[in-house]
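Single-structure report; data block below.
The values are calculated or read from the model by the stated rules, or taken from the named source; none is laboratory data. As the structure is a computational prediction, the values presented were derived from the model and not from experiment. For neighbour counting, all protein chains shown are included, and Cβ atoms are generated from backbone atoms with ideal geometry for every residue, glycine included.
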Ligand SMILES: [Fe+2]
């Protein structure tokens, strides 16, 4: 079994600007804020498993912390809805990557530029079935492919209004396998599962 590397000690890499953006998310919806936190932690874990540098992992971590920023301009009820979304509501949901990107660009802060590939492309799928641009495979920035997996893991392992059960890590990973190559980057998922080998991720 592959041993997990020592966790990165990420205690405060975020800038003042990043903290302001995180506050915007927190004030919009506490659950969204904590979701971003957990996706950032999952992204660090994946980055370590696949052997990225500390510098690269920190960039992905920061981007993941604000990946759902665009939601703050949309009604929270759409994201909390238990029943299926209408076409109009789906249209709104699909706007959040672009809205988040526009908000970041409006701040004119070059230090935030590295977050944009994740904010804009974290809902793209490997087979082109994602949004907002239906990119395929390597057209999707690698960092966004990592955060997409981290996002899915948290979505499955956290309570959701539209689902009664919370997945265990094993069940969540099995689910990832089902969507390898269609939704998720097959190689990244393969490396995470190879590392996992039945041990808890936290
Ligand atoms: Fe999102």
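Identify all residues within the range 125-151 that are surrounded by 20 or more Cβ atoms within 10 Å (Cβ to Cβ) and assigned to a helix (DSSP H, G or I); write none if there are none. Across the range 125-151, the qualifying residues are 143, 144, 145, 146, 147, 148, 149, 150, 151. Within the range 174-202, the set of residues being outside any loop (DSSP other than H, G, I, E, B), modelled with pLDDT under 85 and touching a helix residue (DSSP H, G or I) at 6+ places or on another chain (Cβ under 7 Å) comprises just one member, 196.
Every residue, every condition in (1) within 24 Å of residue 179 (Cβ to Cβ); (2) in contact (Cβ under 8 Å) with a residue 24 or more places away in the chain; (3) more than 15 Å from the ligand (Cβ to nearest atom), yes or no:
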{"site": "68", "(1), (2), (3)": "yes, yes, no"}
{"site": "72", "(1), (2), (3)": "no, yes, no"}
{"site": "109", "(1), (2), (3)": "no, yes, yes"}
{"site": "112", "(1), (2), (3)": "no, yes, yes"}
{"site": "132", "(1), (2), (3)": "yes, yes, no"}
